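Worksheet for the structure shown next.
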Amino acid sequence: MTIGSMENVEVFNSEGKGRGLKATKEFWAADVIFAERAYAAVVFDSLVTVVCHTCFKRQEKLHRCGQCKFAHYCDRTCQKDAWLDHKKECSALKRHGKAPNENIRSGPADQEGCPGPWAAHSSHSPHPAKREAGDGRTPQVQSQYWKKQEITICQIKNSPRINCNGFTLSDQRGLQAVGVGIFPNLGLVNHDCWPNCTVIFNNGRIELRALGKISEGEELTVSYIDFLNVSEERRQQLKQQYYFDCTCEHCQKGLKDDLFLGVKEDPKPSQEAVKEMIQFSKDTLEKIHKARSEGLYHEVVRLCREALQKQEPVFADTNLYTLRLLSVISEVLSYLQAFDEASHYARRMVDGYMKLYHPNNAQLGMAVMRAGLTNWHAGHIEVGHGMICKAYAILLVTHGPSHPITKDLEAMRVQTEMELRMFRQNEFMYHKMREAALNNQPMQVMAEPSAEPAPALFHKKP
């Protein structure tokens, strides 16, 4: 989709940010403002053999391109759809024998098959000044790699374009990042920590969707980073990754910072106690990350339990460090199938998230969905069904009804609703059926009483 065909938006100069997009009509929650296919998109190096290079679906068995032996596709349909874009890359791969990393491959190819200059409207260019075609070192870096194969990872990472351009693409379930794409029109949407739009990758294209009411003439914004952080740390992250100072209302006024760093009110801990607990929490999270990377999951659970116990008299339930621990321990316990304990922590985590995130935030929806499934596995049918319904309502807005993850969630919602109805009608029978299903065994229930009289057990002597 080109700039000229986006009937619902208009390019304008956003004060202090450079170019931006504003709405030319009124939108409501879940409306698709525009959709766009990638100008260029590539699968991450580590996943080139398990993710389709056209539709980005993850599959175990893929068909490999017979010419370059590098590109992989679901079937002939995906291969044909990709040929116009893959043709020049295919010939370059055959000539040079080795594929560069995804940052270089995402550059459009020139007549020789070598990646050339980027599009005039680069995706997620650093603002306030959106970069124009030809500036930066990216085109020269790409050509140098393909012709001499002397480029280093350091040179790639130091290129201003590579650090900030591109949109991460997820698999068909939206659960894992599998590639990166360049979307020229999306690159014109500026950042806000509390945005009015969200971006979702669906069926080979991105969709810009409204999170709530957007008035005609209002600027369209998305969040480049996760909101769940204090304003100062968000601004530092944006400066480091995207090279601009965030001037949104939430950063300027420090909105919700008091909740992110919330402490108990009665009795209120001293500043020294809070400072010590923050440092303790940071140290513990580092230990947890190390233990988790080494697969020491029981050690992770132990560290989380101890830290949460120490945090209890100091931090409020919305405190960032408490929420990070709750997220980790609920996820790890679910992995270890300790669902009952995991469900307790998951409920606490969701209660905190609901006070912090935008009500239609996609990450909130995913967290509520995971918590709902954890509670369902723990046998808390009513709580689990309620959370799954809440997650479904959020993801309908952020992902739309046609997205695979929304379809899966709809199936879960229907299933848990049927189970909840059965649970309320006959709790005993429900638990029997559930136990049999979880153990993959036939259900054994005593036969119903017969209307016939019981046989006489005792007889009179004749």
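The values are calculated or read from the model by the stated rules, or taken from the named source; none is laboratory data. All of these numbers come straight from a predicted model, not from anything done at the bench. Every residue, glycine as well, gets a Cβ built from its backbone with ideal geometry; the counts of neighbours run over all protein chains shown. Accessible surface areas use protein heavy atoms only, side chains included; no ligands, DNA or RNA. Shrake-Rupley method; radii C 1.70, N 1.55, O 1.52, S 1.80 Å.
For (1) crowded, with 21+ Cβ neighbours inside 10 Å; (2) touching a Leu at 6+ places or on another chain (Cβ under 7 Å); (3) of a type outside the set (D, E, K, R); (4) farther than 30 Å from Lys268 by Cα, each residue gets a yes or a no:
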residue	(1), (2), (3), (4)
Cys304	yes, yes, yes, no
Val314	yes, no, yes, no
Leu325	yes, yes, yes, no
Val328	yes, no, yes, no
Ala338	no, no, yes, yes
Ser343	yes, no, yes, no
Ala346	yes, no, yes, no
Leu356	no, yes, yes, no
Pro359	no, no, yes, no
**Hits in segment 402-438 (condition: basic (Lys, Arg) and open to solvent by less than 60 Å² (accessible area, probe 1.4 Å))** = Arg413, Arg434
**Request:** Please state which of the following conditions Gly262 fails to meet, knowing it meets all the rest: (1) open to solvent by 30 Å² or more (accessible area, probe 1.4 Å); (2) closer than 15 Å to Glu312 by Cα.
**Result:** (1)
**Request:** Return only the number of the condition from (1) touching a residue at least 12 places away in the same chain (Cβ under 8 Å); (2) surrounded by fewer than 23 Cβ atoms within 10 Å (Cβ to Cβ); (3) of a type outside the set (A, V, I, L, M) that Thr374 does not satisfy.
**Result:** (2)
**Fill in**
Exception for Val368 within (1) at pLDDT 95 or above; (2) open to solvent by 50 Å² or more (accessible area, probe 1.4 Å); (3) of a type in the set (A, V, I, L, M) falls at (2)
**Prompt:** Restricting attention to segment 4-54, which residues are open to solvent by less than 60 Å² (accessible area, probe 1.4 Å), within 22 Å of His399 (Cβ to Cβ) and not in a strand (DSSP E or B)?
**Reply:** Met6, Asn8, Ala29, Ala30, Asp31, Ala38, Phe44, Leu47, Cys52, Thr54
**Request:** Mind listing whichever residues of segment 60-81 are assigned to a loop (DSSP other than H, G, I, E, B) and at negative phi?
**Result:** Glu60, Lys61, Leu62, Cys65, Gly66, Gln67, Cys68, Phe70, Ala71, Cys74, Asp75
**Request:** Identify, by number, the condition in (1) on the phi > 0 side of the Ramachandran plot; (2) open to solvent by less than 30 Å² (accessible area, probe 1.4 Å) that Gly295 doesn't meet.
**Result:** (2)
**Fill in**
Only one of Lys282, Lys213, Lys239, Lys275 is open to solvent by 70 Å² or more (accessible area, probe 1.4 Å), out of contact with any helix residue (DSSP H, G or I) (no Cβ under 8 Å at 6 or more places or on another chain), closer than 22 Å to Leu326 by Cβ and among the basic types (Lys, Arg), namely Lys275
**Message:** Suppose the filter is modelled with pLDDT of 70 or more, touching a Gly at 6+ places or on another chain (Cβ under 9 Å) and open to solvent by 70 Å² or more (accessible area, probe 1.4 Å); does Arg76 pass it?
**Reply:** no
**Close pairs (6 angstrom Cβ cut-off, 6 or more residues apart or separate chains): β-branched (Val, Ile, Thr) in segment 331-353, buried (at least 19 other Cβ atoms within 10 Å of the Cβ) anywhere** = Val332/Val300; Val332/Val301; Val350/Val368; Val350/Ala371
**Message:** For the list (1) at pLDDT 70 or above; (2) hydroxyl-bearing (Ser, Thr, Tyr); (3) touching a Pro at 6+ places or on another chain (Cβ under 9 Å), I need the number of the one condition that Thr24 fails.
**Reply:** (3)
